[in-house]
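Step one of this worksheet: look at the structure below.
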Amino acid sequence: MGLKTETVRYGDETGYLALPTRAGGPLPAVVVIQEIMGLNDHIEDVTRRMAAAGYAALAPDLYAVGGTRPPALERERVDRAMAFLASLPPGAFGDPAARDAGLARLPEAERRLVGETLSQLFSSRERMPALVSSLRKAVRYLRRERPETRDQKVGCVGFCMGGGLSALLACEEPELSACVVYYGTTPPAEKLTAIPCPVLAFYGEKDVRVNATIPAFQEGMRNLGKSYEHRVYPGAMHAFFNDDGPGYNVSAARDSFWRMLGFFAAHLSG
């Protein structure tokens, strides 16, 4: 199946859109939500995979303000910061002290540039409500503006920080029809009552911090009579789906991918 890709603008937001070229009719849609590293080659690749599976897939660029990223979050700067993190010992990604110790060993100019980018990346977690608002605009763009997807069902899938955003989007967006969470933290209990759709979640066994929030999600959804399924992959780390990262686990990625496609087929088709 051929694909068509383009960068789209909707209001003040921008995103990467992928569509099957020979759909022959309306398409259900999936919003693909970035990791903390932003819209990059990996997320664009995942977006194309969703389009190849028969969906209109849109990955919003959550770091672009009015269509432009701030200098510290431009792709080249983020790539340099990620290369620095990859050079640190395992576990340093989530350890501020280990990151600071690594930064101290860099030349001054590089330390300043990488440090500024890391600071802005990790502070993005503090702006989750604003990021959810941007994601809701993506849902409305697909549901109301794109001719290929107008009035069709829309789902979402997010990874890492985007996994948490995927769950929060389900709490805030009443027009969402399916939600997939990859190793994202659980929303506050009081928000779960507003989730309008089934949720499917995937976790890695070694992702202790995120996995500690699974029971609250499971119990909260069960008490509300809402659909929540989850799977924890033995031996898998955080970010096991990212085939550009050190935590990639091919068996967990493969299994979760076909489960996700089956979930979307069940809830977005027809």
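The values are calculated or read from the model by the stated rules, or taken from the named source; none is laboratory data. Keep in mind it's a predicted model, so treat the numbers as computed, not measured. All Cβ positions, even for glycine, are placed from backbone atoms using ideal geometry, and neighbour counts span all protein chains on display. Just the protein is used for accessible areas: all its heavy atoms, side chains included, with ligands, DNA and RNA removed. Shrake-Rupley method; radii C 1.70, N 1.55, O 1.52, S 1.80 Å.
Remarks
- When each of Leu62, Leu19 is tested for being hydrophobic (A, V, I, L, M, F, W, C), part of a strand (DSSP E or B) and either under 21 Å from Met128 (Cβ atoms) or at pLDDT 95 or above (or both), the lone residue that passes is Leu19.
- Taken together, Ala72, Ala98 contain a single residue that is assigned to a helix (DSSP H, G or I), of a type in the set (Gly, Ala, Ser) and farther than 23 Å from Val208 by Cβ, which is Ala72.
- Checking Arg140 against (1) open to solvent by 60 Å² or more (accessible area, probe 1.4 Å); (2) touching a His at 6+ places or on another chain (Cβ under 9 Å), the condition it does not meet: (2)
- Answer from Pro71, Pro90 - the residue that is farther than 20 Å from Phe241 by Cβ, open to solvent by 20 Å² or more (accessible area, probe 1.4 Å) and either touching a strand residue (DSSP E or B) at 6+ places or on another chain (Cβ under 7 Å) or not charged (D, E, K, R) (or both): Pro71
Per-residue answers, yes or no, for (1) crowded, with 24+ Cβ neighbours inside 10 Å; (2) within 18 Å of the chain's Cα centre (by Cα):
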| position | (1), (2) |
| --- | --- |
| Arg111 | no, no |
| Gln120 | no, yes |
| Arg136 | no, yes |
| Gln152 | no, no |
| Phe159 | yes, yes |
| Gly162 | yes, yes |
| Pro174 | no, no |
| Val180 | yes, yes |
| Cys197 | no, yes |
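- From the list Ala51, Ala18, Ala56, Ala83, the lone residue that is within 23 Å of Gly158 (Cα to Cα) and surrounded by fewer than 16 Cβ atoms within 10 Å (Cβ to Cβ) is Ala83.
- Among the numbered conditions (1) polar (S, T, N, Q); (2) more than 27 Å from Thr185 (Cα to Cα); (3) part of a helix (DSSP H, G or I), the only one that Ser123 does not meet is (2).
- Residue among Arg146, Arg99, Arg77 that is at pLDDT 95 or above, charged (D, E, K, R), farther than 30 Å from Ala23 by Cα and surrounded by 18 or more Cβ atoms within 10 Å (Cβ to Cβ): Arg77
- Evaluation of Leu85 against (1) touching a residue at least 12 places away in the same chain (Cβ under 8 Å); (2) over 22 Å from Pro246 (Cβ atoms) (one fails), failing number: (2)
Quick grid of which residues meet (1) of a type in the set (A, V, I, L, M); (2) open to solvent by 10 Å² or more (accessible area, probe 1.4 Å):
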site	(1), (2)
Ala201	yes, no
Val210	yes, no
Thr213	no, yes
Gln218	no, yes
Arg222	no, yes
Pro234	no, yes
Met237	yes, yes
Phe241	no, no
